[in-house]
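Visitor: After the structure tokens below, expect a handful of questions from me.
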Amino acid sequence: MNHRRKVLPQASGELFLTDGGLETDIIFNHGIEIREFAAHTLLPSAAGRHALAEYFRGFLSLARECGTGFILDAPTWKAHSHWARDLGATEAELREANLEAVDFIATLRDEFAGNKGPIVLNAVIGPKGDAYAPESLLNATEAEEYHAQQIRWLVDSEVEMVSALTFTQAEEAIGIVKAAHKADLPIVVSFTVETDGRLPTGQPLGDAIREVDAATRRAAAYFMINCAHPEHFRDAITDAGWSRRIKGLRCNASRCSHAELDAAEELDAGNPRELTALYRALAARMPWVNVLGGCCGTDLRHVSAIAKAFTPGDALAS
């Protein structure tokens, strides 16, 4: 059932898509409230479940049209114990939410079984605390113990990998990588950066990736960058070993800082054509990247434009 955990399909280097900014799209473009920005809370209601299904069907149809693979994310980003009080949820309820979320995406995978490219079941795990401004610094041991709980909930599901999404500090990333490695579950680490290309802690992106790799013996399958505009980090990218560990990009459409986005009352969706051009410019410098999608402010329009600019025969997928 989980044979892909040994070798992830995207390791082939072929093009894989992800979705966009799930929460911002559903809230701002479809007028559906998401309690505490926790998308798994939509699953118990028929209307919420339908909204999530229709959202992902758009991206799965895009992958089918373009002949690419797809990383299908379970909405589990905030389904961990740090948020239990805010969500009014028990540990048992959070565990069930993780399993229900994976079952949900497995059903969608089966619905699109005719897609040419592989569909990989991925559970996203958010940091402990605010993804824009870390509330506290975790050491690696604390982070491993904390994130091991959600990973234990997921390990017996159909999920094929997990992604530490919008992580803000290297030590927490080290901890979750160690927890996933002990559970024999592939993990991807996706850092977010500020407008200066550094993590919210102030650490340079390259230093963070090197630190995680050194402490975990390169146990992460690869790294990504998400929740940052391409212009925020493009100057930090060099043709170095640590840069080549970055295989995926899920950028914001907006140039706003995290603080500005957090305070915004309206969605800044940017321009899909401009964002695609920026992805192309990044691809020229990072031809090893083969996982592409979006983050805050992006939707099917943005990812469609990006996908159609990078076909499986494009140099990016080589």
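Visitor: Keeping all protein chains in place, calculate the accessible area per residue for segment 117-256 (probe 1.4 angstrom), answer in Å².
Guide: Per residue, segment 117-256 has 34 Å² of solvent-accessible surface.
Visitor: State the percentage of accessible surface on the chain attributable to carbon and sulfur atoms; use a 1.4 Å probe and exclude ligands, DNA and RNA.
Guide: 49 percent
Visitor: On to the next question. Enter the Cα centre distance for the pair segment 1-67 and segment 275-292, rounded to the nearest angstrom.
Guide: Cα centroid of segment 1-67 versus Cα centroid of segment 275-292: 21 Å apart.
Visitor: Which order do peptides 121-128, 285-292 fall in by mean Cβ count within 10 Å, highest first?
Guide: 121-128, 285-292
Visitor: Using helices alone, what [θ] at 222 nm do you get for the chain, with -39,500 (n - 2.57) per DSSP H run of 4 or more residues, divided over all residues and rounded to the nearest 500?
Guide: Helix contribution divided over all residues of the chain: -12000 deg cm²/dmol.
Visitor: Further question: Of the peptides 42-50, 177-185, 67-75, how do they stack up when ordered by the mean number of other Cβ atoms within 10 Å, highest first?
Guide: So the order, starting with the most tightly packed, is 67-75, 177-185, 42-50.
Visitor: Output the Kirkwood hydrodynamic radius of the chain, Cα pairs only, in Å rounded to one decimal.
Guide: Evaluated on the chain, it is 19.2 Å.
Visitor: Of all the stretches in the chain, which is the longest one without any exposed loop site, taking GluC sites (Glu not before Pro) in a DSSP loop (any state but H, G, I, E, B) with at most 14 other Cβ atoms within 10 Å?
Guide: 136-264
Visitor: Something else: Give me a comma-separated list of calculated 3J(HN,Hα) values for segment 101-118, in order, Karplus coefficients 6.51, -1.76, 1.60 applied at θ = phi - 60°, integers in Hz, x for any Gly or Pro.
Guide: After applying 6.51 cos²θ - 1.76 cosθ + 1.60, I find 5, 5, 4, 4, 6, 5, 5, 5, 4, 5, 5, 10, 4, x, 4, 5, x, x Hz.
Visitor: Would you mind working out the accessible area per residue for segment 1-82, using a 1.4 Å probe, and quoting it in Å²?
Guide: 41 Å²
Visitor: Quick one: ranking D130, D103, D213, D235 by accessible area, 1.4 Å probe, largest first, what do you get?
Guide: Result of the area sort, largest leading: D235, D103, D130, D213.
Visitor: When Rg is the radius of gyration of the Cα atoms in segment 142-238 and Rh is its Kirkwood radius, what does Rg/Rh come to?
Guide: 0.99
Visitor: Please list K308, K116, K247, K6 from largest to smallest accessible area, probe radius 1.4 Å, with all protein chains kept in place.
Guide: K116, K6, K308, K247
Visitor: Using a 7 Å offset from the Cα along the Cα-to-Cβ direction at both A281 and E260, what is the distance between the two label points in nm, to one decimal?
Guide: For the pair A281/E260, the computed spacing is 1.6 nm.
Visitor: Using only the heavy atoms of the protein chains and a 1.4 Å probe, how would H40, H82 rank by accessible area, largest first?
Guide: Final ranking, largest accessible area leading: H82, H40.
The values are calculated or read from the model by the stated rules, or taken from the named source; none is laboratory data. Values in this document were obtained by computation on a predicted structure and should not be read as measured data. All Cβ positions, glycine included, derive from the backbone under ideal geometry; neighbour counts span all protein chains shown. Side chains included, ligands, DNA and RNA excluded: accessible areas come from the protein's heavy atoms. Shrake-Rupley method; radii C 1.70, N 1.55, O 1.52, S 1.80 Å.
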